[in-house]
Amino acid sequence: MAFSELLDQVGGLGRFQVLQMVALVVPIMWLTTQSMMENFSAAVPSHRCWVPLLDNSTAQAGVPGAATEPCVDGWVYDRSTFTSTIVAKWDLVCDSHALKPMAQSIYLSGILVGAAVFGRRLVLTWNYLQMAVSGTAAAFAPTFPVYCLFRFLVALAVAGVMMNTCTLLMEWTSTRARALVMTLNSLGFSFGQVLMATVAYGVRDWALLQLVVSAPFFLCFVYSWWLAESARWLLIKGKLEQGLREPQKVADTGQDTGHPEGGRKANPGLSPTPPPAPPAPHQRLPLAKPNGGQVASLVLAGLCVLANMLVPHELGALRSSLAVLGLGGLGAAFTCPHPSCLSRLNRAVMKATHSPPGHTVLKSTHF
C-alpha cells in the first residue's frame, strides 16, 4: 500500500494536521524576527564626537558641525529613537563601520552552514533549544565578537527549523492538501515580518529586543516533544516498529475527522509479501517546466531592487513602497515552487524494506 493511501486512511487532513500546522508555523513567525532583528538592533543613530567640556553622561547628539579629525574620547549618540543599539554599545561607526555589515554576513553564513544538517523532529527540537539559548546569550554578550558567535549559532538553528518544519508539514499531510499547507507556512514568514515591526516599535533597547524574540523558543522546545516524528524518516532509517506507531498516533488524534475508518485502522499497509525487486539503479525525475508565476515574481523583485538604486534617498516613501513590492515578489517566488516540486516528488519511488522471519515488507510507491 502506498504511504499516501495509508496517510489518507489514518487521516491526511484532519485535527492532527491542523494542530501540527499551528505548532510548527507559530515558531516560523518568531524565527523571521531573528533574521530581521538587526534592521532595528543594529540601526545607526545620529552621532558625533564626545567633547569633555560640553558633554556629560546625559548628553544627546544633535550639535551641528562635522568632525575633521578622529574622535579621541568616544561618541555621543542620539537616543531619541532607539535607547540602545549594538552600534552605540560597541561604537561601530567611523573606522569601525564595516563591522556592522560583517555581523549580518556572519549570521547569513550560519544559515548556509545550518542547511547542511539533516534530520526530522529531534533535530527540530534541538534547533528550538539552540535558538533559545544562543539568542538569550547574545543579549548578554560582553564583546562584539562574542555577540557575532552567538548570532552564528542562532543562524544554524534558523536553517534547521525552516527545513524541518517544511519537511514535517509535507510528510504528514495528504497530497491534495500539501500546496495549501505550504502556502500557509509561507504566510508565517509574512506575519513574522509584521510581528517584528510591532515588537521593535515597543522595545527600543537592542538587548531587550533580543531577549523578547528568543524567549518564545523555550516554549517551542517544550511542546515540540509532542510532535510526531516522520514515519517516512523512521522507515528509511530502518526503525519499522516505531515508524508504524507514528501513523497510529495520527489516527488516534484525528479519530473525529469524519473518516469512515474512524482513524483507528491498526497498522494498515503491512502485508506479508516477498521482498520486492530492487529499484532501478538510475531513475530520473522529469525536468521541471518553468513556473510562470515564479519567473514573474523574481523579475518583479529584481526590477524593484534596480529601481530603488536610482531613487534618491530623500524620497523615502517611494523607496519603501518599492522595497515592500519587491519583498512581496520574493515571497511569491518562495511559495510558487512548492506545489510543482511536490507533484514531481510524489512520483518518485521510495521502498523501505524490513525483512524479519515473516518477510514483512512495507512498500511505498508514492513519496
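Quick test of your reading of the structure: Leu129 fulfils all but one of (1) part of a helix (DSSP H, G or I); (2) modelled with pLDDT under 85. Name the failing condition by number.
The failed condition is (2).
Looking only at the stretch 76-98, filter to residues that are part of a loop (DSSP other than H, G, I, E, B) and among the polar types (S, T, N, Q); which one of those is farthest from the chain's Cα centre (by Cα)?
So in the stretch 76-98, the residues part of a loop (DSSP other than H, G, I, E, B) come out as 78-83, 85, 91-93, 97-98.
Within this subset, residues satisfying the condition of being among the polar types (S, T, N, Q) are 80-81, 83, 85.
Values: Ser80: 32, Thr81: 29, Thr83: 29, Thr85: 24 Å.
Checking each candidate, the answer is Ser80.
Tell me whether the stretch 154-175 contains one or more residues that are surrounded by fewer than 17 Cβ atoms within 10 Å (Cβ to Cβ) and of a type outside the set (Asp, Glu). Write out each step before concluding.
Of all residues in the stretch 154-175, those surrounded by fewer than 17 Cβ atoms within 10 Å (Cβ to Cβ) come to 174.
Next cut, of a type outside the set (Asp, Glu) only: 174.
Within the stretch 154-175, one or more residues are surrounded by fewer than 17 Cβ atoms within 10 Å (Cβ to Cβ) and of a type outside the set (Asp, Glu).
Mind listing whichever residues of the stretch 141-179 are modelled with pLDDT of 85 or more and charged (D, E, K, R)?
Kept after step one, since they are modelled with pLDDT of 85 or more, are these residues of the stretch 141-179: 141-165.
Matches in the stretch 141-179: Arg151 only.
Step by step: first the residues of the stretch 309-329, then only those that are under 27 Å from the mean Cα position of the chain (by Cα) and either not in a helix (DSSP H, G or I) or not small (Gly, Ala, Ser) (or both), then the one that is farthest from Phe189 (Cα to Cα). Which residue is that?
Within the stretch 309-329, the match that is farthest from Phe189 (Cα to Cα) is Arg319.
I'd like to verify a number: residues in the stretch 191-215 that are within 30 Å of Arg15 (Cα to Cα) and either touching a Lys or Arg at 6+ places or on another chain (Cβ under 7 Å) or surrounded by 17 or more Cβ atoms within 10 Å (Cβ to Cβ) (or both), how many? Let's see the steps before the verdict.
Filtering the stretch 191-215 for residues within 30 Å of Arg15 (Cα to Cα) gives 191-196, 213-215.
Now narrow it down to the ones that are either touching a Lys or Arg at 6+ places or on another chain (Cβ under 7 Å) or surrounded by 17 or more Cβ atoms within 10 Å (Cβ to Cβ) (or both): 192-193, 195-196, 213-214.
Qualifying residue count for the region: 6.
How about the stretch 139-152: which of its residues are in contact (Cβ under 8 Å) with a residue 24 or more places away in the chain and surrounded by fewer than 18 Cβ atoms within 10 Å (Cβ to Cβ)? Step through it out loud before you land on a result.
First, pick out the residues of the stretch 139-152 that are in contact (Cβ under 8 Å) with a residue 24 or more places away in the chain: 139-140, 143-144, 147-148, 151-152.
Those that are in contact (Cβ under 8 Å) with a residue 24 or more places away in the chain and surrounded by fewer than 18 Cβ atoms within 10 Å (Cβ to Cβ): Phe140, Thr143.
Show me the helices (runs of 4 or more DSSP H) found entirely inside the stretch 1-45 where at least 3 residues are at pLDDT 85 or above, assigned by TED's automatic domain parsing to the domain that holds Gln210 and out of contact with any Pro (no Cβ under 6 Å at 6 or more places or on another chain). Quick ask: steps written out before the conclusion?
Details: elements: 3-10, 15-36, 38-41.
Where helices (runs of 4 or more DSSP H) fall fully within the stretch 1-45 and carry at least 3 residues being at pLDDT 85 or above, assigned by TED's automatic domain parsing to the domain that holds Gln210 and out of contact with any Pro (no Cβ under 6 Å at 6 or more places or on another chain), they are 15-36, 38-41.
If I filter the stretch 109-120 for residues that are free of Cβ contacts under 8 Å to residues at least 60 places away in the same chain, of a type in the set (A, V, I, L, M) and touching a strand residue (DSSP E or B) at 6+ places or on another chain (Cβ under 9 Å), do I get at least one hit?
No - not one qualifying residue is present in the stretch 109-120.
The values are calculated or read from the model by the stated rules, or taken from the named source; none is laboratory data. Keep in mind that this is a model prediction, so the values were computed, not measured. Reconstructed Cβ throughout: ideal geometry from the backbone, glycine too, with neighbour counts over all protein chains shown.
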